[in-house]
Amino acid sequence: MSKRGWTGEATELLRVREGFRIDDVDPGSHPGYDGDKKQGEKDLAVGIEALSELQERLFAESRAGVTTDSVLLVLQAMDSAGKGGIVRHVVGGVDPQGVALAAFKAPTAEELEHDFLWRIEKKLPEPGFIGVFDRSHYEDVLIGRVRELAPADEIERRYDAINEFEAQVAASGTRIIKVMLHISPAEQKERLTERLERPDKYWKFNPGDVDERMLWPQYMQAYQTVFDRTSTEQAPWYVVPADSKWYARLAVQELLLTALEHIDPQWPAADFDVEAEKRRLAAT
């Protein structure tokens, strides 16, 4: 049994490697974790404490000027797959002063005047931060491809541009974790139905979600191309089965914990005489 109740390494079990096929992933499965929902929620709570301390150490190091490290979590998914829940229940458990969240919507007129990566670069996390992209530059090769929002040759160009961009970001000290929350059509239908049956959920429903749902096979093909073309050593993709919200949250937390443990941030040493300051304070 590995740490935190996992029976295997989430970074290996969920990682997209050569030969990966999204059609082979069961959205209702729980790779590497044998516990049930109750146990998973307990492990999530334990993990929040560990994640919070690691994030605070990283933030402290950056404020002391001893690190250039940061983490970028990229979340992509079909509608209602649980990106918001990841933000609230996983990242939301750490000190918000060390988190930078960017939710990318349709580009503005100003953004459309620039290359598609222009607005992304402006939102990259500073040293010491956990950055979270709720949707990202991948929209430009997902909906952009499915809805033919750009010429085919431009879509093709973007895959290589993304790889080059992410390699530069990784080289600068940012660990990139790209997650696709993989929900089934049946589960999505159930969640969208709930939004229509509960007045407190109306605000979350977008009629356009039904339009995109009708293009499910095209989106899965677009995601497959994304995985084939942009899962690299510097910026790998992880596909997380998301029909069980508790498992998806636990898995993303595990990916973040592993990244921060590899960085291994430490509390910065005092740059002053501690004992002398104790004496000064005691005298006041």
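The values are calculated or read from the model by the stated rules, or taken from the named source; none is laboratory data. Everything numeric in this text was worked out from a predicted model, so none of it was measured. Ideal geometry is used to build each Cβ from the backbone, glycine not excepted, and the neighbour counts take in all protein chains shown. All accessible areas refer to the heavy atoms of the entire protein, side chains included, with ligands and DNA or RNA removed. Shrake-Rupley method; radii C 1.70, N 1.55, O 1.52, S 1.80 Å.
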Is it the case, given these coordinates, that D140 is more than 28 Å from E53 (Cα to Cα) and charged (D, E, K, R)?
yes
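A quick yes/no check of all residues on (1) in contact with a strand residue (DSSP E or B) (Cβ under 6 Å, 6 or more places away or on another chain); (2) modelled with pLDDT under 95; (3) open to solvent by less than 50 Å² (accessible area, probe 1.4 Å); (4) not in a loop (DSSP other than H, G, I, E, B):
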residue: F133; (1), (2), (3), (4): yes, no, yes, yes
residue: R145; (1), (2), (3), (4): no, no, no, yes
residue: R157; (1), (2), (3), (4): no, no, no, yes
residue: D160; (1), (2), (3), (4): no, no, no, yes
residue: E164; (1), (2), (3), (4): no, no, no, yes
residue: R175; (1), (2), (3), (4): yes, no, no, yes
residue: K178; (1), (2), (3), (4): yes, no, yes, yes
residue: K189; (1), (2), (3), (4): no, no, no, yes
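Scanning for something more than 26 Å from L255 (Cβ to Cβ) and not basic (K, R), does region 171-179 turn up at least one residue? Please lay out each step first, then the result.
Here is the first cut: in region 171-179, the ones more than 26 Å from L255 (Cβ to Cβ) are none.
The answer is no, given that none of the residues of region 171-179 is more than 26 Å from L255 (Cβ to Cβ) and not basic (K, R).
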Filter region 259-284 for residues that are closer than 30 Å to Y33 by Cα and touching an Asp or Glu at 6+ places or on another chain (Cβ under 8 Å); the one that is most open to solvent (accessible area, probe 1.4 Å) is Q266
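Kindly establish whether G47 is part of a helix (DSSP H, G or I), open to solvent by less than 10 Å² (accessible area, probe 1.4 Å) and not hydrophobic (A, V, I, L, M, F, W, C).
yes
Looking only at region 213-236, decide whether some residue is touching a Leu at 6+ places or on another chain (Cβ under 6 Å) and closer than 22 Å to V74 by Cβ.
At the first step, the residues of region 213-236 found to be touching a Leu at 6+ places or on another chain (Cβ under 6 Å) are 222.
Within this subset, residues satisfying the condition of being closer than 22 Å to V74 by Cβ are 222.
Yes: one or more hits.
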In region 199-219, is there at least one residue being in a helix (DSSP H, G or I), under 26 Å from K42 (Cβ atoms) and open to solvent by 60 Å² or more (accessible area, probe 1.4 Å)?
no
Looking only at residues that are assigned to a strand (DSSP E or B) and of a type in the set (V, I, T) in region 60-93, which one is surrounded by the most Cβ atoms within 10 Å (Cβ to Cβ)?
V71
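Yes/no per residue for (1) at pLDDT below 95; (2) of a type outside the set (D, E, K, R); (3) within 19 Å of the chain's Cα centre (by Cα):
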site: R21; (1), (2), (3): no, no, no
site: S29; (1), (2), (3): no, yes, no
site: Q55; (1), (2), (3): no, yes, yes
site: S70; (1), (2), (3): no, yes, yes
site: P96; (1), (2), (3): yes, yes, yes
site: P107; (1), (2), (3): yes, yes, no
Screening D26, D34 for residues that are surrounded by fewer than 16 Cβ atoms within 10 Å (Cβ to Cβ), free of Cβ contacts under 8 Å to residues at least 60 places away in the same chain and closer than 16 Å to A242 by Cα leaves only D34
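Name every residue in region 226-241 that is in a helix (DSSP H, G or I) and open to solvent by 30 Å² or more (accessible area, probe 1.4 Å), in order of residue number.
D228, R229
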Counting only residues that are charged (D, E, K, R) and open to solvent by 30 Å² or more (accessible area, probe 1.4 Å), which one in region 242-258 is nearest to G8 (Cα to Cα)?
R249
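Go through P96, P107 for me and flag whichever is within 26 Å of Y247 (Cβ to Cβ) and surrounded by fewer than 17 Cβ atoms within 10 Å (Cβ to Cβ).
Values: P107 fails: within 26 Å of Y247 (Cβ to Cβ).
It is P96.
Quick one: is E53 out of contact with any Pro (no Cβ under 8 Å at 6 or more places or on another chain) and acidic (D, E)?
yes
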Quick one: which of A248, A269 is among the small types (G, A, S) and outside any loop (DSSP other than H, G, I, E, B)?
A248
